[in-house]
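Student: Sharing a structure with you now.
What follows draws every value from the coordinates through simple rules; no lab data is involved. Just so it is clear, the model here is predicted, and its values are computed rather than measured. Cβ coordinates were reconstructed from backbone atoms using ideal geometry, including for glycine residues, and neighbour counts include every protein chain displayed.
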Amino acid sequence: MDEILRLSHISKTFPGVRALQDISFDLKRGEVHCLCGENGAGKSTLIKILSGAIQPDEDGQIFVDGNAVTLTPSTALRMGIHTIYQEHIVFNALNITENIFAGAEIARHGLLQRKEMRRQTENVLSYLKSDLTPDMRMTDLTSGQQKIVEIAKALVSKSNVIILDEPTASFSSREIDTVLNIVKTVKSDGIGVIYISHHLDEVFEIGDRATVLRDGRKVSMYPIAGLTKTTLIKDMVGRDPSTFYKRERVERGETVLQVKNVSGKGVRDVSFELHRGEVLGFAGMVGSGRSELMEVLFGGAPLVYGEIAINGRSVRHASPRSAIQNKMCFITESRQTTGLFLPKTIAENVAVANMVNTRQFIMRPANDLLIGEKFVKLLNIKAPSARTRVVNLSGGNQQKVVLGKWFNTGGEIYIFDEPSLGIDVGSKQEIYKVMVDLLKEDKAILMVSSDMPEVISMSDRVIVFKQGQIAGELSGEEITEENILTLSIGDRQE
Amino acid sequence: MSKPEVPNTTLQVKESLFKRYENLTVLSIFVSFVVIVVVVQLISTGGSRFPTFISPVNIVNILQQVAVPGIVAISMTMVMVSGGIDLSVGMLASLVSIIVALGISQWRLGVGPSVLVGVASAIVLETAMGFIISRTRIEPFIITLGGMISFQGIALLLSNSREVVMKGELNFLTMNLVEGARDPVTGLILRVPPYVVAFFVIALIGGLLLTYTKYGRRIYAVGTNPRAAFLAGIDVRNVRLSVYMIQGLLVGVGATMLLARINTGIITLGQGLEIDTIAMVVIGGTALSGGKGNIVGTLIGVFFLGSIANAMNLLRLPSEVQFLAKGLVVIIAVSAGDVSSQISEFRGLRREQAKARSAAATAKKGGP
């Protein structure tokens, strides 16, 4: 087998973060090389470098067919490196042929050669043993079928390397089998495949070699033959727990939230209890349905089935409005798109959620400003005054404004979805401290987090989520990286 | 707490005066426009006479011209701050004028009930559009475009494509509130009809509503970030619906005022009203994308656009040129804000570069 792609000593530094450090990696013709690692291990950064979307630091080199190259999105495509991202990038209104040839239409004298394009599409689809036809519209396809079209597009453009980033996330098991079979076909044709998946059994089914990344470094590289899942998981974890944030423990109080058999979009049959004075962590892979569950609990998405009780009283949240009235707070994952009103001031942002709880119709900006200043001080928000527009603040300070918005409502049940995503270490610790302070005031916290150290250091109990369901619950000493990872990426569920 | 202390100001956010007070840009353009007109007038008369453009009688004149579009511009500001738009106001105004005129002169409903029916139908029609806009994901542009065309149809059907003439039953709306007052400069009679007063009252209420009430806050929140607004417990759909209802009320009121001036219900009455009001609102700094804008800005826009036509008449420019000038003013006024923010961004970038360069230089010196 000859080599088509080699990375040697690749690093990537973002301002303040070392995303990749000294990564070497190679890919041969006709092999499937899997990339394994937790959320944030550096897999996505590596892919972006390969697709030319970002440039690595200067000290490393990339070789394609033995020649040193610089990759940009267009040169990567020209050299036959085709990346298929997790999110579908398709033109929904067009049919399969038009999608496959979008941007690379076959034309003679400026006229489209429809028949030729259709013929080639037909060929590639039958080669992939797919029952799709060239004239089907993308909107009518399932996400699994759309993935097949994207692979077909890579084949038509004569790719040597196909990179698949989580191709099976959120697929049914039959669709997963179809995609895996197609990968096998592609591989037998001499194309190199880089395969990223959170499902270890897929890695074992189609992989030839596996490279494990952790915190931006390459930990190990194994041939799949003779490898065990335990070894892989051991390599993926292995941080020193003594370096984690040390949190003060608070005595656990009575039950404040009961969730029974809750189902909704992306969530199936979830039951748990939350007590005052505890942090219940939700671990799992990105896209496992944790945020969706929180949306359902908060009334942001419909509750299809099940029961939610707060302080022993059954509640129905038709909208976030009633959830807020029931003293729930939702610090969403993406503060910029769902948490904040960026062009508005700190004071206006802090005032907005509490409008549900107040009766008066008149809003006095001076009054809001006082409340805003109070939270600027309380949360140590680094801004000249509460008149500062939120858009001008750093990520950590924006997150504190979101907290201020919810503290202002006097809530008791706090949902933190990725509380420290994209904020600096200092603000992170401040936010952890604020969370512990909440517990001391007898409040309760649900915390969704994909940051392993965060889950382990902050949670009293951890629920591991997988494909919209609870895969297991851990508490006390059981909360280790290894246990969490085993539950979240172990065996595929039907 | 009379003086809240400012803690820990490590991050100094500097904003230019023009960025902090968005209306300043347009206001300064407006003021320079007025100055230019005055100077041109002074030059052409040899400086011997007081410039007519800023004489009280002319200002009152301008106010009469802009009062009705101004009233509609207030509710248009609310609609646009909430992230919507309404193209139907012109045709809706024509329709209301025809309904009121028919009610008075043909259906013999009496003046009060006819006006009520007219205003009520405007509210009902706007509510219908607002309902579709707030309950679906269809663009307000399309819905209100459809509304505009249908209202034209209804108006033509009701009036049999003819004008409906009245006998001055609504004259009480055009009477002079300052009977006998004269311009101290020119000596001409001053006229301040009720609808000019109504315009100011409505603008005041609209401004207070947007700035000092929970409802106003919600409109801004919905326009800035509907998803975040929803998750903060705001009933996004009903806020969207309500701004169109207010729009209906004010179009109804405005159309009645227009009818009183013309005394004839006719399909061309509201023609171009949507263009004028949207232009006024946009000149005033309200963004089509929503969440940004205020009544003060809209007032500047109203007076600005209203005085252009007037000034060009005084300067004896042909009416054909006026369209061109109006259009250019809209483009210039709206781009001014963006251009100034791009300039400040560019300056900020330059500063950053200089800082980085000096930091790199010191690092090199300090290094081994």
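Student: Among rounded, prolate and oblate, which fits region A:382-440 when a ≥ b ≥ c are the square roots of the eigenvalues of its C-alpha gyration tensor, a/c under 1.5 means rounded, and a/b larger than b/c means prolate?
Tutor: Oblate, since a/c reaches 1.5 and b/c is not below a/b.
Student: Measure out, as a whole number of angstrom, how far apart the alpha-carbon centroids of region B:19-67 and region A:119-197 sit.
Tutor: One Cα centre to the other: 68 Å.
Student: Please report, to one decimal in angstroms, the Kirkwood hydrodynamic radius of region A:3-236 built from all distinct Cα-Cα pairs.
Tutor: 18.4
Student: By DSSP, what percent of the beta bridges with both residues in the protein assembly as shown are antiparallel, rounded to the nearest 5?
Tutor: Of those bridges, close to 60 percent are antiparallel.
Student: For A:H275 and A:S24, FRET efficiency with R0 = 45 Å and r from the beta-carbon atoms, rounded to 0.05?
Tutor: 0.40
Student: Further, regarding this structure: How many angstrom separate the Cα center of region A:282-342 from the Cα center of region A:357-435?
Tutor: 19
Student: Let me ask something else about it. At 24 angstrom or more along the helix axis (alpha-carbon based) and mean Kyte-Doolittle of 1.0 or higher, what helices does chain B contain? Whole DSSP H runs only.
Tutor: Span-like helices in chain B: B:23-44, B:56-81, B:111-135, B:140-159, B:194-212, B:236-262, B:295-314.
Student: What is chain B's relative contact order, in percent, from Cα pairs under 8 angstrom and six or more apart in sequence?
Tutor: Relative contact order, chain B: 29 percent.
Student: Enumerate by residue number the GluC sites (Glu not before Pro) in region A:3-85 meeting two conditions: DSSP loop (anything except H, G, I, E, B), and at most 14 other Cβ atoms within 10 Å of the site's Cβ.
Tutor: Qualifying residues, ordered by number: A:E58.
Student: Here's another thing I want to ask about it. How are the C-alpha pair distances of chain A spread across 10 Å bins, as whole percents from the shortest bin up?
Tutor: 4, 17, 25, 24, 18, 10, 2, 0
Student: Continuing with this model, one more query. Quick one: of the DSSP bridges fully inside region A:242-489, what percent are antiparallel, nearest 5?
Tutor: Antiparallel bridges make up about 55 percent of those DSSP assigns within region A:242-489.
Student: Which of A:H109, A:H317 comes first, and how do the rest follow, when ranked by fewest Cβ neighbours within 10 Å?
Tutor: So the residues, fewest neighbours to most, are A:H109, A:H317.
Student: State the Cα centre-to-centre distance between region A:1-44 and region B:186-222 in whole Å.
Tutor: A separation of 63 Å, based on Cα centres.
Student: Which of A:R335, A:R316 comes first, and how do the rest follow, when ranked by fewest Cβ neighbours within 10 Å?
Tutor: Fewest-to-most Cβ neighbours within 10 Å comes out as A:R316, A:R335.
Student: Could you pull the Rg and Dmax for region A:181-221, using just the Cα atoms, both in Å?
Tutor: Spelled out, the Cα radius of gyration and Dmax of region A:181-221 are 11.6, 34 Å.
Student: In terms of the Cα gyration tensor, with a ≥ b ≥ c the square roots of its eigenvalues, is chain B rounded because a/c is under 1.5, prolate because a/b exceeds b/c, or oblate?
Tutor: Oblate, since a/c reaches 1.5 and b/c is not below a/b.
Student: Grab every C-alpha pair in region A:351-494, bin the distances at 10 angstrom width from 0 up to the longest one, and report whole percents.
Tutor: Calculated over all Cα pairs of region A:351-494, the distribution is 10, 34, 30, 17, 8, 1 percent.
Student: In region B:53-316, with Lys and Arg counted as +1 and Asp and Glu as -1 at Cβ, which of these residues, B:L231, B:N313, B:G168, has the Cα nearest the positive end of the dipole, that is, farthest along it?
Tutor: Positive-end residue among those listed: B:L231.
Student: Moving on to the next point. Relative contact order of region A:3-236: what whole-number percent is it, with Cα pairs under 8 angstrom and at least 6 residues apart?
Tutor: 29
Student: Note down the magnitude of the dipole of the protein assembly as shown about its Cα centre, charges +1 on Lys and Arg C-beta and -1 on Asp and Glu C-beta and zero elsewhere, to the nearest 20 debye.
Tutor: Charge dipole, the protein assembly as shown, about its Cα centre: 2420 debye, nearest 20.
Student: Turning to a different aspect of this structure: In whole Hz and in residue order, list the ³J(HN,Hα) couplings for region A:293-310 that follow from phi through the Karplus curve 6.51 cos²θ - 1.76 cosθ + 1.60, θ = phi - 60°; x for Gly and Pro.
Tutor: 4, 5, 4, 5, 4, 8, x, x, 9, x, 7, 7, 8, x, 9, 10, 10, 10
Student: Next up: Placing unit charges on C-beta atoms (Lys and Arg positive, Asp and Glu negative, everything else neutral), compute the dipole magnitude of region A:242-489 about its Cα centre in debye, rounded to 20.
Tutor: Using only the charged Cβ atoms, the result is roughly 1080 debye.
Student: Toward the positive end of the charge dipole of the protein assembly as shown, about the Cα centre and with charges on Cβ (Lys, Arg +1; Asp, Glu -1), which of B:V222, B:L63, A:L164 goes farthest?
Tutor: Checked the options; the winner is B:L63.
Student: Could you put B:I262, A:I456 in order, starting from the residue whose Cβ has the fewest other Cβ atoms within 10 Å?
Tutor: Placing the least packed residue first, the sequence is B:I262, A:I456.
Student: Another one. What FRET efficiency, computed as 1/(1 + (r/R0)^6) with R0 = 25 Å and r the Cβ-Cβ distance, is obtained for A:Q61 and A:D189, rounded to the nearest 0.05?
Tutor: Efficiency, rounded to the nearest 0.05: 0.35.
Student: Just check region B:225-330 against the gyration tensor rule for me: Cα atoms, a ≥ b ≥ c as the square roots of the eigenvalues, rounded for a/c under 1.5, and otherwise prolate or oblate depending on whether a/b exceeds b/c.
Tutor: The shape class here is oblate.
Student: Where both partners of a DSSP beta bridge lie in region A:3-236, what percent of those bridges are antiparallel, to the nearest 5?
Tutor: Antiparallel bridges: around 55 percent, rounded to the nearest 5.
Student: With an 8 Å Cα cut-off and a minimum separation of 6 or more residues, compute the relative contact order for chain A in percent.
Tutor: Relative contact order, chain A: 15 percent.
Student: Among A:L111, B:T136, B:L328, whose Cα projects farthest towards the positive end of the dipole of the protein assembly as shown, with charges put on the beta-carbon of Lys, Arg (+1) and Asp, Glu (-1)?
Tutor: B:L328
Student: Give, in whole angstrom and from largest to smallest, the semi-axes √(5λ) of the equivalent ellipsoid of the protein assembly as shown, with λ running over the eigenvalues of the Cα gyration tensor.
Tutor: 58, 34, 30
Student: Still on this structure: Report the local net charge at B:L349: Lys and Arg +1, Asp and Glu -1, summed over other residues whose C-beta lies under 13 Å from its C-beta.
Tutor: For residues surrounding B:L349, the net value is +3.
Student: What do you get when you divide the Cα radius of gyration of region B:282-368 by 2.2 N^0.38 Å, with N the number of residues?
Tutor: 1.84
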